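The values are calculated or read from the model by the stated rules, or taken from the named source; none is laboratory data. Source: prediction; values computed, not measured. Every residue, glycine among them, receives a Cβ derived from its backbone with ideal geometry; neighbour counts consider all protein chains shown.
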C-alpha cells in the first residue's frame, strides 16, 4: 500500500489544529488504497498548538509532530520533507495550510489526479470551479491575482492557472530531486520556485479547482511587501521568457551598432550593411539564448548539433522578418500612414506578435524539453 503524507506547517494555530487533524484523517476511508499520515511541522508555537497535537497523537497513530525553529514556510516544508523521507518513506506528499483555508475534503481529488498520471497537482482558485473569498479586500485580490498573472505571463506558461496557492500534491521523487534547488528559498516564494522547478524538470502538472476559504481564527503570516518583492525577483531571475526579451533588446542594439559601423565608418552600402549586421545580431542572440535564456536545456551534441540548430534559428528569425514586413504593410494600409505611425505599428507587431512567435518556435524546434 502506497503512503501519502499530508504536511501542515503551523505557528500559533491552536484554534484550527484539532479540526484540521480530524478532517484529514476522515479522508482515509475515501482513499482505501493509500496509507494516510499527517505531519505537523510546528515552528515553536506559544499558544498551545504543540500540546494539542500531542494530545491528538493518542487518538491518531499516524499523526506525527516535528518541532522546528521559525525560519519561514519554505524551510518548514523542507524540514518536513526530510522527516518524511527518514521516518515514513512516502510515495506522495500533500501540502496543506493549517489555518482552515484549505478544505481537507479535497484530498481524495488530489490523490485521484496523481493516480491518473500527474506528478505535481495544484489546487487552483483561478479556473472554472475555483474561487477566492468574496469578502477579500481589493488590495488582497490585487496581490493574489496580480502575483499569479505576473508569474503566468512572466514564465509564458498560460495553461498553469495557479502558481502561489500552497494546497498541492507532489510525488516524492520530485521532492528528492528538488532538495538542492529549494534550499535557497525559505519564504512564500518557495511555492513558486517548486512549481517552476517541476515544470523545468518535465513533471506532469495537474490542477483541481478549490474554493479558498477565509480563515476564522488567528492572523495571516504573509508579509505583503516581502512576498511581492521576492516573487517579482524570482520571476525576473528565472524566467526564460523575460531573459529572451532582454536578449532581443540587446540584439537590436547589436544590430543597430554594427549597421552604423558598416555604413558610416566602413562605407558599406546600406542594404548589405544591414544584412551583415542582422546576421551578427542573430548569431549573438543564438549564443546568448543558449547559454542564458535557455541554459536549463541548452544544446548539446557537438558542433554539428550547434550548426543545425543555428540554421534553424536563422530560419525562424527570417520568419520574424516576414511577419514584420507583412504586418507593417497591412497596418499602414488599414490604419493609415500618418507621419511616424510606422514606428508605433512596428513596436506593436514586435511586442504582440514577433516576440511570442519567436519564443514559442524557439522552444518547439531549438531548445526543446528534454
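As an exercise: evaluate residue 110 against (1) under 13 Å from residue 211 (Cα atoms); (2) out of contact with any helix residue (DSSP H, G or I) (no Cβ under 9 Å at 6 or more places or on another chain); (3) surrounded by 15 or more Cβ atoms within 10 Å (Cβ to Cβ) and give the number of the one condition it does not meet.
Looking at each condition in turn, residue 110 falls short on (1).
What helices (runs of 4 or more DSSP H) completely inside segment 275-369 contain at least 3 residues that are touching a helix residue (DSSP H, G or I) at 6+ places or on another chain (Cβ under 8 Å) and at pLDDT 85 or above?
Details: elements: 303-335, 341-349, 355-361.
Once the helices (runs of 4 or more DSSP H) in segment 275-369 are filtered for at least 3 residues that are touching a helix residue (DSSP H, G or I) at 6+ places or on another chain (Cβ under 8 Å) and at pLDDT 85 or above, what remains is 303-335, 355-361.
Taking segment 349-370, which residues are farther than 28 Å from residue 305 by Cα and loosely packed, with under 13 Cβ neighbours inside 10 Å?
Result: 351, 352.
Only residues that are surrounded by 13 or more Cβ atoms within 10 Å (Cβ to Cβ) and either modelled with pLDDT under 95 or not in a loop (DSSP other than H, G, I, E, B) (or both): list them for segment 20-32, please. Full working, then the answer.
Step one: of segment 20-32, the residues surrounded by 13 or more Cβ atoms within 10 Å (Cβ to Cβ) are 20-28, 30-31.
Once the filter is applied, which keeps residues that are surrounded by 13 or more Cβ atoms within 10 Å (Cβ to Cβ) and either modelled with pLDDT under 95 or not in a loop (DSSP other than H, G, I, E, B) (or both), segment 20-32 yields 20, 21, 22, 23, 24, 25, 26, 28, 30.
Could you go through segment 175-192 and let me know if any residue there is surrounded by 19 or more Cβ atoms within 10 Å (Cβ to Cβ) and over 18 Å from residue 238 (Cα atoms).
Yes: segment 175-192 contains one or more residues that are surrounded by 19 or more Cβ atoms within 10 Å (Cβ to Cβ) and over 18 Å from residue 238 (Cα atoms).
Each row is one residue, and each column tells you yes or no for (1) over 10 Å from the mean Cα position of the chain (by Cα); (2) more than 24 Å from residue 212 (Cα to Cα); (3) in a loop (DSSP other than H, G, I, E, B).
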position	(1), (2), (3)
159	yes, no, yes
165	yes, no, yes
174	yes, yes, no
178	yes, yes, no
184	yes, yes, yes
191	no, no, no
197	no, yes, no
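For a quick check of your reading: which helices (runs of 4 or more DSSP H) sit entirely within segment 33-144 and have at least 3 residues that are closer than 30 Å to residue 231 by Cα?
Details: elements: 49-57, 73-87, 107-115.
By residue number, 73-87, 107-115.
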